[in-house]
Amino acid sequence: MALSADAPAGMFGAREPPPHEGTDVTRKTVRIAMNGVTGRMGHRQHLVRSILALRERGGLDLGDGTLLWPEPVLVGRREHALRALAARYGLEHFSTDLDAVLRDPDVDIYFDAQVTSAREEAVRKAVAAGKHVYTEKPTATGLDGALELARLAHAAGVRHGVVQDKIFLPGLLKLKRLVDGGFFGRILSVRGEFGYWVFEGDWQEAQRPSWNYRAEDGGGIVVDMFPHWEYVLHELFGRVRSVQALTATHIPRRRDEHGKPYDATADDAAYAVFELEGGAVAQINSSWAVRVHRDELVEFQVDGTEGSAVAGLRDCRVQHRSATPRPVWDPDVPATEPFRGQWQQVPDNGEFGNAFKVQWELFLKHVYAGAPYRWDLLAGARGVQLAELGLKSSAEGRRVDVPEITL
């Protein structure tokens, strides 16, 4: 059933585009069905910090005299949550009926931030309805489904994209700048550490929803994080050629949002080695059962013949070959060298926007201005493939090749 909010427009939710200087600007309203925005990521990053942020600044300038005005249509299962969200931000349109929204000819784009287990069917419906598709990852629960979505979207001629936010973060943008500039020489290895302690839910409330820890609901750190590692490694260092992983469920018993105990059936940690095209080796530890002793929640150390770097979400530090100290192993005396102090900060050299908003802008320009865009459903399928093969590697106790996939 399609519903409307009666509340007045809030700061983010102005119902009409504000006046724009100049007489040659064409305003185009774009209706975007946003499914799953009552969840944490969909709400904070995609709705508030991306779409509503674009509205707050007056829309998206395509550079050809067109100003896009995004008009979100909130979609979900809980009417009261949608109504509250719409009222909070002064939005007019929300619905609990996805099929009705997809039948609406005024809706151009379908966005999905639901739980993984519900995503494939919804995206399939959106493609069948002729909507452009932008979706969180993983795009499906298995490679066959992910590839089928990519093929259906390609055959339907709709534009499609997958959220790959990490590569738009300041720290990784600086790292990419170093790679492109040849700073490392020949890249030898990548070491990644990701994770933090997620409370078990008994004496402190968990920071993540309980379905994340149930395999039957699409949970698990491999399913969640390996799609991220695939595109980070692919974009910066080269395609993943093989994976060897060991998964674990370190915390087997947790409590859900209502304090009810449940068995954790999904992996909450994964320790993986990836062989990359070109010969570099990447090791990435992912865990929701680790206490943080690093500068950021995720860090990557890249070592090359000419230099090394350590990049997090925002910062990046380097040590060039010419400035590399000469440590000597001597366990009988205290360390006298300030190892962290021997690294140099990479400057910002520019302004960095919110990573999710930046990719939303690129996707909208792809849809309405024909701008190039390579982070599509096929790229999303590569992430699903790596997760699937990572789980297979752990189950079988062996290294598994990662073949290239195509439409």
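The values are calculated or read from the model by the stated rules, or taken from the named source; none is laboratory data. Because the structure is a prediction, the values reported are computed rather than measured. Heads up, the Cβs are rebuilt from the backbone with ideal geometry, glycines too, and the neighbour counts pull from every protein chain shown.
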Quick one: is Gln359 closer than 26 Å to Leu62 by Cα, polar (S, T, N, Q) and assigned to a helix (DSSP H, G or I)? yes
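Yes or no, residue by residue, for (1) within 17 Å of Asp224 (Cα to Cα); (2) surrounded by fewer than 18 Cβ atoms within 10 Å (Cβ to Cβ); (3) among the aliphatic types (A, V, I, L, M):
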site	(1), (2), (3)
Val367	no, no, yes
Tyr373	no, yes, no
Leu377	yes, no, yes
Gly380	yes, no, no
Gln385	yes, no, no
Gly390	yes, no, no
Gly397	no, yes, no
Restricting to the stretch 302-338, and then to whatever is among the acidic types (Asp, Glu) and over 24 Å from Ala280 (Cα atoms), can you tell me which residue is surrounded by the most Cβ atoms within 10 Å (Cβ to Cβ)? Glu337
Do we find that Glu71 is assigned by TED's automatic domain parsing to the domain that holds Leu362, surrounded by 15 or more Cβ atoms within 10 Å (Cβ to Cβ) and either farther than 23 Å from Asp24 by Cβ or more than 21 Å from the chain's Cα centre (by Cα) (or both) in this structure? yes
Just one listed residue, out of Leu60, Leu52, is modelled with pLDDT of 95 or more and either within 14 Å of Phe111 (Cβ to Cβ) or hydroxyl-bearing (Ser, Thr, Tyr) (or both), and it is Leu52
Unique residue being in the same structural domain as Ala280 (by TED's automatic domain parsing), surrounded by fewer than 18 Cβ atoms within 10 Å (Cβ to Cβ), at pLDDT 95 or above and assigned to a loop (DSSP other than H, G, I, E, B) when the list is Gly130, Gly182: Gly182
Those residues of the stretch 96-127 that are closer than 15 Å to Gly380 by Cα, in a helix (DSSP H, G or I) and of a type outside the set (A, V, I, L, M) come to a total of 4
Can you tell me which residues in the stretch 180-205 are hydrophobic (A, V, I, L, M, F, W, C) and more than 21 Å from Val273 (Cα to Cα)? Phe183, Trp197, Val198, Phe199, Trp203
